[in-house]
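Novice: Let me begin by handing over the structure; questions about it come next.
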Number of protein chains: 2
Amino acid sequence: MNKQKYAIGLDFGTESGRALLVDVADGREVASAVHPYRDGVIDQVLPGADVELPQDFALQNPADYIEVLRVTIPTVLRKAGVDVQDVIGVGTDFTACTMLPVDRAGTPLCQKAEWRDNPHAWVKLWKHHAAQPEAHRLNEIARERGEGWLQRYGGKISSEWLFPKIWETLNKAPEVYHAADRYLEAADWIVLQMTGQERRNSCTAGYKALWHKREGYPDDEFFAALDPRLRDVVDAKLSRQIYSLGQRAGGLTPAMAELTGLRPGIAVSIGHLDAHISVPAATIVEPGRMVIIMGTSNCHMVLSTDEHLVPGMCGVVEDGIIPGLFGYEAGQSCVGDHFAWFVRNCAPAAYQEEARSRAINLHQLVEEKSARQQPGEHGLLALDWWNGNRSVLMDADLSGMLVGATLSTKAEDVYRALIEATAYGTRMIIDTFAKSSVAVNEIVACGGLPERNKLLMQIYADVTGREMRVSAAQQTAALGAAMFGAVAAGRAAGGYDSIVQAAPRMARLKDEVYRPITAHTAMYDQIYAEYARLHDYFGRDGNDVMKRLKALKTGAQPGA
Amino acid sequence: MNKQKYAIGLDFGTESGRALLVDVADGREVASAVHPYRDGVIDQVLPGADVELPQDFALQNPADYIEVLRVTIPTVLRKAGVDVQDVIGVGTDFTACTMLPVDRAGTPLCQKAEWRDNPHAWVKLWKHHAAQPEAHRLNEIARERGEGWLQRYGGKISSEWLFPKIWETLNKAPEVYHAADRYLEAADWIVLQMTGQERRNSCTAGYKALWHKREGYPDDEFFAALDPRLRDVVDAKLSRQIYSLGQRAGGLTPAMAELTGLRPGIAVSIGHLDAHISVPAATIVEPGRMVIIMGTSNCHMVLSTDEHLVPGMCGVVEDGIIPGLFGYEAGQSCVGDHFAWFVRNCAPAAYQEEARSRAINLHQLVEEKSARQQPGEHGLLALDWWNGNRSVLMDADLSGMLVGATLSTKAEDVYRALIEATAYGTRMIIDTFAKSSVAVNEIVACGGLPERNKLLMQIYADVTGREMRVSAAQQTAALGAAMFGAVAAGRAAGGYDSIVQAAPRMARLKDEVYRPITAHTAMYDQIYAEYARLHDYFGRDGNDVMKRLKALKTGAQPGA
């Protein structure tokens, strides 16, 4: 048996970056370190300048990403006390679409004196929402032209994605567009910095840039229909060369080795998206098992051997999650946010006092009271659209609804109804997948919520009629990145030849299983039928009252 | 000019009775006194016995009514310091249907030793709800037989009314039914006690006992269809002789004069219902002006020269409110109760602290925050059915609904939406009246809420597009009773010859007028259109989800 080997996963989030050093043999977490981005999310003023940003801007400084390497990798090496010779590979994951314009050498334009004062020269973070007009127009034109690829994205693409962001630059700062040698996802830029190799990854290309493994990008004619200047955007500003996940992007450059303390030449994997990389880290490399990342919102991912057009999904991408399979993504806009909203705005003063006297928090108290109830007992039903609906309706203008309230309704009743509503929303997604021949037999949850909220897990099991498991990893994305690092290193170097081989060794689930309780599922089946009916009534043109109320709300603003 | 004259109004409520002594010339309140019923609402155990009551029972002790006379009349005479010679008349009003079985002499059966232990021998209070099975069956049979009178009551009668309560006794305690010489409304029983005259009034007969001035009671055949033993119920246990409001029932008996300190022989008016007697006390004796008694629930009353069948109303009765006119009644089940529920269950702890630090109550704080908003600004819409819907749907199984919630929704948004929902419900009632040719041009509010809640009054004005005024009387029902006392006395004795003459002299409105603000009404017109659509969807068989959720709730109870 060889000596123990290690891999490092680098997880670039919204506010900070994290390094996780794991044992390649079993995925055990040996050390981790977090470094917050100095400039964080830039949404008011450009760093080092007095340029105020327009509304909906969310930028980042790429220098902060390099700082994460410089600070966190030496830290985990030191904390772990391992021989640097035994660190065989590095993998990365990133938020997306988080994109930037670079010059021929790969230097971000915002790091060049002549462009430093132009917001469009900086990294546009995933939640930069200023390209909404471009996204809207892009969707219109794609629909008018009957673009077939639109159906892979549920019929609508987001302002957060690559082409709206590029087009916004062309409209607002054409000089930046023209000065850019090309655009890169930050996921690919960090790999370029580490290896000197540009290796655009199939995950962000597929989920955020309309790329398809067999069909490539949309036609030049489509881009020309958006704007004649965009006709050659793919060839001029991107690349048609896309690399599948799990490959080795290259070896760590000597300069990066010096910066990080790692050996020059060790394997660095192709870039990846932070949500999607959690799938193998939650043990899933095969069809039929869904991952739900549960946090402020829910992100659902499942695999299939075939491509199906599933209505209302965020995307289906071949090689998008696991090489050789089609990865499907769906989402719910408001989950943890929902419960936080409720506890902040709707839990009565008497509960606050009770929680204080028992030295527990208000969430715990309300959950405890909710947990005493039987399914159906509170008589309430909610539509979980407090922040719009991502899947399967893809409509940000929908809003929350609650029905069944009486003078006996209590705070814990509403709280439980909100949890159940998010479970019904997940079941709607699962049922929609199933109707399109994408099976979901079991669910693995990861993220912050499943750890804290057992009631939520049991309700999801009961509502979906499926077993719920929880990923054992504390940092699922970083573990996934480390796993891909081990795969990039390959078996000969002490790693693995594929993510399918790595997953059963490096990823684990907790022992606890939430099994559907038959009587609960029978009750929830009946209530879910009511949910589905109201879902279609309010969400599918039965009654557009939610949109009209939103429009009236805008009109009613003082000064509007 | 004659010497000042006085009249006394006696208002028999649910928990207590009140005497109000007023100046006949201008209705000025000179003195008042309240006496709580010693036995209150009897819903657990019979007084002086260990007979436990079944669920939904609500009884009273008629001795408590006599005690009100004995205590309150001498008190107001003393407090007022008026010459008893100048007190010219007494009027009364009562809750209804509050009914009791009596012997030939008018003595309540419950005051006779042989019946004291039988709950059915006592006064069944208006909110005695144990006759629900009988009401249900009565409605079924009336519908099957196509009984025309059913439409005068919106197609459904309540378990609170006279015949279900009598039938319940026949089913549960036939010996009491047979022992009863007859049944009386408490409103008529108290008049019988005061005058020795049985003078059944047209208001309770019309609104609670299916009586019609021209058609009389339903046919004997109908009662026989309920139960053959009920065929002769009207002739055997009631009377077909009904007296119109405003008449003199008789003169005060010497025994009652001794008990109360009043002169024997002074005029006592026909009995009346507490809600309906508020109409002239709110200055209204003519068509076109609606009274809304606003409290825990809303009761709406309006007059017309003609009889129209208005869908979903509680009743239309000729001579039912003002002699010579048709009185229409409608209602909303949950108004003040709604706001109390909200503040108790949904106002967050931070608001409690803010209210405490400013030494105001939570209601005031939430109202203050709500009042800062423009109509439509919160983007919410509610259906005001937390306690079912009385008019115009007459369906107790409906429940509350809220739509339009987002993560920015605050407690004051929901609170304002609930106030608006009750205003939309009132507008639905007004619109339904208008469609049936019963005009409502102006609204007068009385009761506890209008005094305290200016925001509510302005919202009602804006939503209904009608001016809202507030009755000046603190005790509207008792004032109305005193007015009818002055009418019973007649002009020759220093009173009035009719309530139409009395009202402009004795009743007043506050100076404050709530006028609809054009921009607000324009916004509310749009939101009301949405309310009306959802009202029909959830309330008129578009989607019976509320009823199904209630049914599931019952099935989900632990142990069910």
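Bear in mind that the values in this text are calculations on the coordinates, not laboratory data. The model shown is predicted, which means the values in this text are computed figures rather than measured ones. Please note: Cβ atoms are built from the backbone with ideal geometry, for glycine as well, and neighbour counts cover all protein chains shown.
Novice: How high is the FRET efficiency between B:Arg240 and B:Asn171 when r is their beta carbon distance and R₀ equals 22 Å, given to the nearest 0.05?
Specialist: Once rounded, the FRET efficiency stands at 0.35.
Novice: Rank the residues A:His272, B:His276, B:His178 as a footprinting-exposure proxy: fewest other Cβ atoms within 10 Å of their Cβ go first.
Specialist: With the fewest neighbours first, A:His272, B:His276, B:His178 line up as B:His178, B:His276, A:His272.
Novice: Can you tell me what the convex hull of the Cα atoms of segment A:195-236 projects to on average, as an area in nm²?
Specialist: 3.7 nm²
Novice: Run a plain Debye calculation on chain B (Cα atoms as equal point scatterers, no solvent) and give log10 I(q)/I(0) at q = 0.08 Å⁻¹, rounded to two decimals, same order as the q list.
Specialist: Values, matching the q order: -0.54.
Novice: Another question, if that's okay. Any idea how far the Cα center of segment B:320-399 sits from the one of segment A:48-64, in Å?
Specialist: 46 Å
Novice: Check cross-link reach from A:Lys213 to the lysines: straight Cα distance under 25 Å, and skip same-chain residues fewer than eight apart.
Specialist: A:Lys156, A:Lys165, A:Lys237, A:Lys435
Novice: State the answer as a single residue: which of B:Gly312, B:Trp122, B:Ala255 lies farthest towards the positive end of the charge dipole of chain B, with beta carbon charges of +1 for Lys and Arg and -1 for Asp and Glu, about the Cα centre.
Specialist: B:Ala255
Novice: Moving on. Which of the trypsin sites (Lys or Arg not before Pro) found in segment B:240-306 are loop residues per DSSP with 15 or fewer other Cβ atoms within 10 Å of their Cβ?
Specialist: B:Arg240
Novice: List the chymotrypsin sites (Phe, Trp or Tyr not before Pro) within segment A:314-358 that fall in a DSSP loop (any state other than H, G, I, E or B) and whose Cβ has at most 15 other Cβ atoms within 10 Å.
Specialist: Listed in order of number, the matching sites amount to none.
Novice: While we're here: Report, for B:Ala63, each distance to the same residue's label point in the other copies, shortest first and in nm; define the point 7 Å along Cα→Cβ.
Specialist: The answer, with the shortest distance listed first, is 9.3 nm.
Novice: Per-residue mean of other chain beta-carbon atoms within 10 angstrom of the beta-carbon, peptide A:540-551?
Specialist: Taking the mean over all residues of the peptide, I get 4.
Novice: Oh, and also: Looking at the square roots a ≥ b ≥ c of the eigenvalues of the Cα gyration tensor of segment B:283-439, which shape do they give, rounded for a/c under 1.5, prolate if a/b is larger than b/c, or oblate?
Specialist: prolate
Novice: Another question, then. Using Cβ contacts closer than 10 Å as the measure, can you line up B:Asp274, A:Asp83, A:Asp544, B:Asp50 from fewest to most?
Specialist: B:Asp50, A:Asp83, A:Asp544, B:Asp274
Novice: Separate question: Tell me the Kirkwood hydrodynamic radius of segment B:237-318 in angstroms, computed as one over the mean inverse distance between distinct C-alpha pairs.
Specialist: 15.7 Å
Novice: Okay, next question. Mind checking the log10 I(q)/I(0) for segment B:440-531 at q = 0.10, 0.16, 0.21, 0.25 Å⁻¹? Debye, one equal scatterer per Cα, no solvent, two decimals.
Specialist: Summing over Cα pairs of segment B:440-531 leads to -0.37, -0.72, -0.96, -1.16.
Novice: If the cut-off is 18 Å between C-alpha atoms, which aspartates and glutamates fall inside it for B:Lys553, apart from same-chain ones fewer than 8 positions away?
Specialist: A:Glu377, A:Glu412, A:Asp413, A:Glu420, A:Asp462, A:Asp525, A:Glu530, B:Asp395, B:Asp397, B:Asp544
Novice: Now a separate question. Let me know the charge dipole size of segment A:189-343 about its Cα centre in debye, to the nearest 20, where only the beta-carbon of Lys, Arg (+1) and Asp, Glu (-1) is charged.
Specialist: I would put it at about 440 debye.
Novice: From the residues A:Ala180, B:Gln4, A:Ala417, which one has its Cα farthest along the dipole of the protein assembly as shown in the positive direction, the dipole being from +1 and -1 charges on Cβ of Lys/Arg and Asp/Glu about the Cα centre?
Specialist: With unit charges placed on the Cβ atoms, the residue in question is B:Gln4.
Novice: Compute the orientation-averaged projected area for segment A:413-466 from the convex hull of its Cα atoms and round it to one decimal in nm².
Specialist: Taking the Cα atoms of segment A:413-466, their convex hull projects to 3.8 nm² on average.
Novice: Quick one: compute the contact order of segment A:2-103, relative version, from alpha carbon pairs under 8 angstrom and 6+ residues apart, as a percent.
Specialist: 34 percent
Novice: Using a 10 Å cut-off around each Cβ of peptide A:384-390, what is the average number of partner chain Cβ atoms that fall inside?
Specialist: 2
Novice: Please work out the ratio of the alpha-carbon Rg of segment A:57-139 to 2.2 N^0.38 Å and round it to two decimals.
Specialist: That works out to 1.46 for segment A:57-139.
Novice: Treating only the Cβ atoms of Lys and Arg (+1) and Asp and Glu (-1) as charged, compute the dipole magnitude of the protein assembly as shown about its Cα centre; round to the nearest 20 debye.
Specialist: Its charge dipole is roughly 860 debye.
Novice: Given a Förster distance of 25 angstrom, what is the FRET efficiency for A:Gln364 paired with B:Ala350, based on the Cβ-Cβ distance and rounded to 0.05?
Specialist: About 0.85, to the nearest 0.05.
Novice: How far is B:Arg38 from the same spot in each other copy, in nm, shortest first, if each label point sits 7 Å from Cα toward Cβ?
Specialist: From this label point to the equivalent ones elsewhere in the assembly: 8.7 nm.
Novice: Relative to the other copies, what are the label-point distances for A:His136, with labels 7 Å from Cα along the C-beta vector, expressed in nm at one decimal and sorted shortest first?
Specialist: 5.4
Novice: Provide, in order from the shortest bin, the percent of all Cα-Cα pairs of segment A:157-221 in each 5 Å bin, continuing until the bin that contains the maximum pair distance.
Specialist: 4, 15, 21, 24, 23, 11, 2, 0
Novice: For chain B, what proportion of DSSP beta bridges, expressed in % and rounded to the nearest 5, is antiparallel?
Specialist: Of all bridge pairs located within chain B, approximately 70 percent are antiparallel.
Novice: When a/c is below 1.5 the answer is rounded, else prolate if a/b is larger than b/c, else oblate, so apply that to segment A:313-387 with a ≥ b ≥ c taken from the square roots of the Cα gyration tensor eigenvalues.
Specialist: prolate
Novice: Loop-only trypsin sites (Lys or Arg not before Pro) in segment B:451-550, please: DSSP not H, G, I, E or B, and at most 12 other Cβ atoms within 10 Å.
Specialist: The qualifying sites are B:Arg540.
Novice: So how do A:Thr422, A:Thr409 line up by other beta-carbon neighbours within 10 Å, fewest first?
Specialist: Fewest-to-most Cβ neighbours within 10 Å comes out as A:Thr409, A:Thr422.
Novice: Bin width 10 Å, alpha-carbon pairs only: give the P(r) of the protein assembly as shown as whole percents, running from 0 to the bin holding the largest distance.
Specialist: The calculated distribution, bin by bin, is 2, 9, 15, 17, 16, 12, 8, 7, 7, 4, 1, 0, 0.
Novice: Let me ask you something else. Can you tell me how segment B:51-100 classifies by the Cα gyration tensor, rounded, prolate or oblate, using a/c under 1.5 as the rounded cut?
Specialist: The shape class here is prolate.
Novice: I would also like to ask the following. Using the beta-carbon distance between B:Gln44 and A:Asp544 and R0 = 51 Å, what value does 1/(1 + (r/R0)^6) give for FRET efficiency, to the nearest 0.05?
Specialist: Step by step, r from the Cβ atoms, then E = 0.50.
Novice: Between A:His212 and residues 5 or more places away or on another chain, which pairs have amide H atoms under 5 Å apart, with H built 1.01 Å from N, and which residues are they?
Specialist: Sorted by chain and number, the residues that satisfy this are A:Tyr217.
Novice: Right, something else. Under 8 Å for C-alpha pairs, at least 6 residues apart: give me the relative contact order for chain B, rounded to a whole percent.
Specialist: 16 percent.
Novice: Return the calculated 222 nm mean residue ellipticity for chain A, to the nearest 500 deg cm²/dmol, obtained by summing -39500 (n - 2.57) across DSSP H runs with n ≥ 4 and dividing by the residue count.
Specialist: For chain A, the value works out to -11500 deg cm²/dmol.
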